[in-house]
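See structure below.
All of the numbers you see were taken from the coordinates with simple rules; none came from a lab. Model, not experiment: these values are computed from the prediction. Don't worry about glycine lacking a Cβ; one is built from the backbone with ideal geometry, like all the others, and counts go over all protein chains shown.
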Amino acid sequence: MALNRAEQRAATRQALLAEGRRRFAADGYHHVVLAEVAEAVGVTKGAAYHHFDSKAGLFRAVVCEVQRELGERVASEADRHEDLWEQLRAGCRAFLAAGTDPAVRQILLVDAPTVLGWDEWRALDEESSARHLAEALTSLAAAGIIAEQPVEPLARLLSGAMNEAALWIARGGDAQSVEQALDRLLAGLRTAP
């Protein structure tokens, strides 16, 4: 059965996203040529520009996709636990483990802050994984597991620390030592039982 025009557009957009993601992860933003992405999926450069306006537009769409998937991965790992504390630990560990994923490493941690700019990168991070962190901390404070406090500064501190740790892991740092350090850091937030 032939695809209608809307389905063809969606399939072309998805193919460009997939190929762009593969290339951005493997080669880095500055070494990717939009015309080559288009050629690889069998469309014209004009079609690629129609869908994304520019290489930066394609990159932004790829970043959003990778960021959304990371947020879902973090939430999924956290949701596997009923205990609120274990949810926080599992979500944090899932985020750190993502640093070994080439797409997360190159696209989100290395290129996105530079290509998109710090403010846009932070906004995308806050919409996904950072939002889950803030929600977890709010629940922990409400349950008395951590001290009642303003959640936003704490979430920003932990998010920044985890972004740096994920980047360090991505560059060959020891993931197990980071997890141990994270557990010690988080343990300092707990109220006395």
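Observations
- Loop-located trypsin sites (Lys or Arg not before Pro) in the stretch 1-90, at most 16 other Cβ atoms within 10 Å (DSSP): Arg80
- For the pair Glu82 and Arg190, label points projected 7 Å from Cα toward Cβ lie 1.9 nm apart.
- The angle between the Cα long axis of helix 84-97 and the longest principal axis of the Cα atoms of the chain comes to about 40 degrees, rounded to the nearest 10.
- Segment Arg68-Thr44, length gained on full extension (0.36 nm per residue, minus Cα span): 5.8 nm
- Estimated [θ] at 222 nm from DSSP helical runs (n ≥ 4, -39500 (n - 2.57)) normalised by residues in the chain, nearest 500: -23000 deg cm²/dmol
- Using R0 = 25 Å, the C-beta based FRET efficiency linking Leu157 and Ala18 works out to 0.10.
- Farthest toward the positive end of the dipole of the stretch 5-187, out of Val33, Gln14, Ala143, is the Cα of Val33, where the dipole comes from beta carbon charges about the Cα centre.
- Placing R0 at 41 angstrom, the Cβ-Cβ distance between Ser177 and Asp53 gives a FRET efficiency of 0.45 after rounding to 0.05.
- Karplus-derived HN-Hα couplings along the stretch 46-53 (A = 6.51, B = -1.76, C = 1.60, θ = phi - 60°), whole Hz, x at Gly and Pro: x, 5, 5, 5, 4, 7, 10, 6
- Dipole of the chain, positive direction: furthest Cα of Ala112, Ala47, Ala90, with charges on the beta-carbon: Ala47
- Extension gain, Val110 to Glu36: 0.36 nm times the residue separation minus the Cα-Cα distance gives 24.4 nm.
- Plainly put, the stretch 5-187 has a radius of gyration that is 1.04 times its Kirkwood radius, both from alpha-carbon atoms, as the Rg/Rh ratio.
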